[in-house]
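Colleague: Before we start, here is the structure in question, set down as structure tokens.
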Amino acid sequence: MARQAGVSIGTVSRVLNKARNVKPALQRRVLDAAAALDYRPDSFAQGMRSKKTHVIGVIVPDLRNPLSSEAAAGVEEELTQQGYSFFLANSRYERGREENILNEFARRRVDGIIAILARDQDPRTVEQLRRLPMPVVLLEREIGTEFDAVRTDQVQGTYRATRYLAALGHRRIALITVPTDNMSGRYRFQGYAEALADVGTEVSADLVHMGGYTRDYAVNAAYSVLSMRNKPTALIVSGGMLPGVLDAMRQLNLSIPDELSLVVLGDTELAALTRPGITAIRYDWAQTGRVAARLTISRIGGSETPPERVIVPYEFILRESCQELAPGD
């Protein structure tokens with residue numbers, strides 16, 4: 001290639017490694033020669049020389065969850081634009097599997113890790129992250145203030161959903177979501193409890209189900225709470241659990257919104273296409289992925305600023321799934 005461009009091998013190296021001290025005319029000659037020769041850089045060899053692989057490890061707990069998939073798509077979009085590849089792994093909410101994936105990322109010497117952890121309060125997980133030799137950015141999770149973290153505004157989103165239902169006259173409002181051993185569960189419960197307190201209503205333990213992650217868990221939780229003699233008049237549910245709640249309602253022959261008002265935390269295609277449409281708190285999960293990717297690349301580049309906390313705002317999407325209670329209901 002140096003002969004084709006009429007320059008030295010050193011000049012070719014500087015151009016291909018994007019050095020700044022190359023005159024534009026020389027840079028153009030090298031790039032034209034590369035195009036003519038259909039040259040493709042060997043990223044592995046470059047990584048061996050630079051001690052960088054230009055690969056990011058990305059771990060999510062459930063690829064079947066449409067919200068996790070959207071976040072991963074945002075990560076992919078940003079990394080591709082920045083010239084990075086990535087390994088995507090699914091922990092299935094299993095701690096042992098998550099541990100093995102993180103160890104494999106370290107063995108493969110990825111440049112950085114973006115993690116939606118199964119549980120961000122597990123001491124073993126925290127200790128493993130601290131030992132990793134590459135930067136880690138948490139997505140929809142938080143561990144103290146020592147790691148960069150990008151999250152949606154679950155507190156205010158859930159608060160808005162609960163206050164909306166309260167404004168329609170609902171006081172027995174059920175919540176079905178993920179456990180409090182990860183950030184989403186903790187902040188959702190916080191927003192829910194604060195909204196109820198603001199309208200003078202105490203949290204009823206029998207209306208709160210936060211013990212699992214799966215569709216099957218959602219079916220059982222919804223069936224249990226909606227079978228109560230004094231059942232709730234409204235329900236708030238995680239986006240990934242919406243199919244399970246709708247299945248339980250079908251089994252109990254309950255209609256929306258005549259017999260139950262429903263709000264979903266995290267808008268999904270199902271929420272939009274169901275009839276009646278489900279009112280939703282919409283989070284820009286793809287944007288959280290893009291922001292996490294940018295933070296990771298910044299850390300790989302040597303940024304030494306204090307760990308960042310980025311909160312991506314929500315939208316309130318009004319559909320037809322909620323109804324004002326008549327007096328005395």
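The values are calculated or read from the model by the stated rules, or taken from the named source; none is laboratory data. Since the structure is predicted, the reported quantities are computational estimates derived from the model, not experimental observations. Positions of Cβ are generated from backbone atoms using ideal geometry, with glycine treated the same way; all protein chains shown enter the neighbour counts. Accessible surface areas use protein heavy atoms only, side chains included; no ligands, DNA or RNA. Shrake-Rupley method; radii C 1.70, N 1.55, O 1.52, S 1.80 Å.
Colleague: Ranking request for peptides 70-79, 212-221: highest mean number of other beta-carbon atoms within 10 Å first, then the rest in descending order.
Modeller: 70-79, 212-221
Colleague: Taking +1 at the Cβ of each Lys and Arg and -1 at the Cβ of each Asp and Glu, which of I176, V237, Y164 sits farthest along the dipole of region 159-272 towards its positive end, judged by Cα position relative to the Cα centre?
Modeller: Looking along the dipole axis, the top candidate is Y164.
Colleague: With a 1.4 Å probe and all protein chains left in place, how much of the accessible area of the chain comes from carbon and sulfur atoms, in whole percent?
Modeller: Summing carbon and sulfur atoms, their accessible area is 48 percent of the total for the chain.
Colleague: So, one more: Can you work out the Karplus-derived ³J(HN,Hα) for every residue in region 118-135? Use 6.51 cos²θ - 1.76 cosθ + 1.60 with θ = phi - 60°, whole Hz, and x for glycine or proline.
Modeller: Running phi through 6.51 cos²θ - 1.76 cosθ + 1.60 with θ = phi - 60° gives 5, 9, 8, 10, 7, x, 5, 5, 4, 5, 4, 4, 5, 7, 5, x, 10, x Hz.
Colleague: Kindly work out what percent of the DSSP beta bridges joining two residues of the chain are antiparallel, to the nearest 5.
Modeller: Of those bridges, close to 10 percent are antiparallel.
Colleague: I'd like to check one number: the per residue accessible area of region 124-224, probe 1.4 Å, reported in Å² as a whole number.
Modeller: Each residue of region 124-224 exposes 39 Å² on average to a 1.4 Å probe.
Colleague: Sorted by average packing, counted as other Cβ atoms within 10 angstrom per residue and highest first, what order do 276-284, 316-324, 80-88 take?
Modeller: 276-284, 316-324, 80-88
Colleague: So what is the accessible area of region 58-114 per residue, in Å², with the probe set to 1.4 Å?
Modeller: About 49 Å² of surface per residue is accessible.
Colleague: So if we plug the beta-carbon distance of L318 and R95 into 1/(1 + (r/R0)^6) with R0 = 45 Å, what FRET efficiency do we get, rounded to 0.05?
Modeller: Efficiency, from the Cβ-Cβ distance: 0.70.
Colleague: Then there is this: What ranking, highest mean first, results for peptides 156-166, 297-307 when packing means the other Cβ atoms within 10 Å averaged over each residue?
Modeller: The peptides rank, most packed first, as 156-166, 297-307.
Colleague: Then there is this: With an 8 Å cut-off on Cα pairs and a minimum separation of 6 or more residues, tell me the relative contact order of the chain in percent.
Modeller: 18 percent
Colleague: Then there's this: How much length is gained on full extension from E77 to A106, taking 0.36 nm per residue of separation minus their Cα-Cα distance?
Modeller: Extra length available between E77 and A106 comes to 8.1 nm.
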